[in-house]
1. Could you check the simple spin-label distance between A:Ser63 and A:Val23, using points 7 Å along Cα→Cβ, in nm with one decimal?
2. Putting +1 on Lys and Arg Cβ atoms and -1 on Asp and Glu Cβ atoms, find which of A:Ala158, A:Met194, A:Leu259 reaches farthest to the positive end of the dipole of segment A:147-292.
3. Is there a quick way to get the dipole size of segment B:75-246? I mean about its Cα centre, with the Cβ of Lys and Arg at +1 and of Asp and Glu at -1; what is the value in debye to the nearest 20?
4. Put +1 on the Cβ of every Lys and Arg and -1 on every Asp and Glu Cβ in segment B:47-120; which of B:Thr107, B:Ile94, B:Asn67 then has its Cα farthest towards the positive end of the dipole?
5. Exposure proxy check: A:Trp147, B:Trp17 ranked by fewest other beta carbons within 10 Å?
6. Once phi is turned into θ = phi - 60°, what whole-Hz ³J(HN,Hα) does the Karplus curve with 6.51, -1.76 and 1.60 give for every residue of segment A:274-281, x standing for Gly and Pro?
7. Using amide H atoms built 1.01 Å from N in the peptide plane, name the residues 5+ places from A:His39, or on other chains, whose amide H lies under 5 Å from its own.
8. Can you tell me the dipole magnitude for chain A around its Cα centre, using point charges on the Cβ only (Lys, Arg +1; Asp, Glu -1), in Debye to the nearest 20?
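Read-outs throughout are calculated quantities, based only on the coordinates presented, and are distinct from any laboratory measurement. Nothing here was measured: the structure is a model prediction, and the numbers come from that model. Heads up, the Cβs are rebuilt from the backbone with ideal geometry, glycines too, and the neighbour counts pull from every protein chain shown.
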Amino acid sequence: MKRPFSYKLNIFIFLLPALALFVGVLIAPIIVSTYYSFHNWNGLTTPEFIGFKNYVELFTSKSINITRALKNAMLLAVFSCFIQLPFALWLALRLARGVKGGRFFLSVFFMPVLISTVVIGQLWLKIYNPDYGVLNLLLRSLGLEKWTRVWLGSKDTALGAAFVPILWQYVGYHMLLMFAGIKGVPPELSEAAMLDGCTPGQVSRYIVIPYIRPILRVSVIFAVTGSLKSFDLIYVLTNGGPNHATEVPSTLMINMLFLRNRYGMGSTIAVMLIVLCFVFALLINMAFKEEKGR
Amino acid sequence: MSKKAYRAPDAPRKITWQSATAYAILVIWALISLFPVYWMLTFSLKTNPEIFGENVMGLPKYWVWANYDRALNTGNMPRYFLNSLIVAVSTIMITLVASVMATYAMTRLEWKNRKRMNKFFMLGLTVPIHASIVPLYTTLSKVHLLNTLWALIIPYSAFSLAMGILIATGFMGDIPYDLDEAAFLDGCGVWGIFFRVIAPLMTPAVATVGIYTFLQCWNELMFANVFVTAPQWRTLPVGVQALSGQYTTEWGPIGAALSIATIPTLIVYIFLSRRIQDSFIAGAVKG
């Protein structure tokens, strides 16, 4: 602290690698993307400035149909928040309370997260295969022939069928985050409550869950923004089909960019996604803060 | 694990119908979690007639190792695996160094705006990778890094950074400031404190950040699909996807390719899972 200049220089050196990566790969490209989103550009010629035309087209064009893509993504977010996360929390609480083989369960539940999404997608493609897939074979062997479907190939079931593996894969991820949080709860707190006569359920509800709020908030943010950004499994399973029934913003964006060479419009979708993720993260943060104040 | 159970120390463990149902759900979910992998491993060793009806769920009757031979030799799987490994290891190293250094500057060194800087980095948690796909694509092609592994390592590191800093901040907060002060009084400068005090105590964070970053880049498909089109630089996800497109009707070789992509990860996971849990428990004990 005797030499303020070298001290400041050191701070800068410590920050430099992270800052360079962060600004170069995240911040600057966002600005550039925003710039492209106001242009008509096929990636080769010079971009032509067209103002808000891309945005207007994005939200009005029937052939792009961004509303359907957003609706699909939001539906996934709802499933994620109201089915996947509560289930993950339940698993984490159960395992943290100590059950026989707890470590084994924890490892097994987390395992799908480790497997490449393409592998998972290919496996589920085969599970859903109308002729030889395990799902239809199982239904047939149970005598439920009429329940068999072309799961990923028909408009009515494709979206639901595509959501199942997405939700299935990341249950373990959220569970692990929450489990780690629960392990951080000071044992004295829950022990005291137990001695005061609380049931394990009450301890979870009144001590553990309030204590791990910060982690729950992170989980909710990941679930919602993750749904908005979802790409991998949809791309492998349906690539937006059949007849665009499972289109999400990301698949639309990739189509615009690399099938139709509409870099301007692709950037517009990207910018819309950034804004949406940001707004949702803010809203969720606010919701969690407000409840804390009560 | 049961040591940390929040149960009154002298309360007997009773088997109620509730706990039995809960246990049944745990077992069923474990089976659901394991089933796709079990199924993959078995059908990777079967012939088409077995897969398609004679013996769908059971263990293979004749172990068809030829499936693996085809996936390895005509499918180029070893190359994809190596590419993925190089990308993952490089990304983890860059992310670790950058995030631990930045966290140190933002939590242990005194300066104006350090909180604001931390918030700035946390923006990275919500920025989707989509945001930079077009500018990165054009920039990478301009500097001729498209179709190299750098085209993946650099973006992956940048996108893992926010989480790395978040995790590192949590762990660094557990290190008492007295240690810094003691080291300072012993004549350590900013760098001495970093290398002698902070860095050695960050090992639990190293495991956590490393695992998180690994997951991010090992699974990533969008960038890998777009920035690398040359077959020799494909990562596993893209390679497996391409291979599956080639062998649509022959499930055996596809199953073998999927297994080759997965088995090493599973073997490593047996070791990693202990490290994940130990590092989390170590962090929890401190906190």
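1. Label at A:Ser63, label at A:Val23, 4.2 nm between them.
2. Ranked along the dipole, the leading option is A:Leu259.
3. That gives segment B:75-246 a dipole magnitude of about 540 debye.
4. The residue sitting farthest along the positive end of the dipole is B:Thr107.
5. B:Trp17, A:Trp147
6. Values, residue by residue: 4, 4, 4, 4, 5, 4, 5, 4 Hz.
7. Here the answer is A:Ile50, since their amide H atoms fall under 5 Å of that of A:His39.
8. 380 debye
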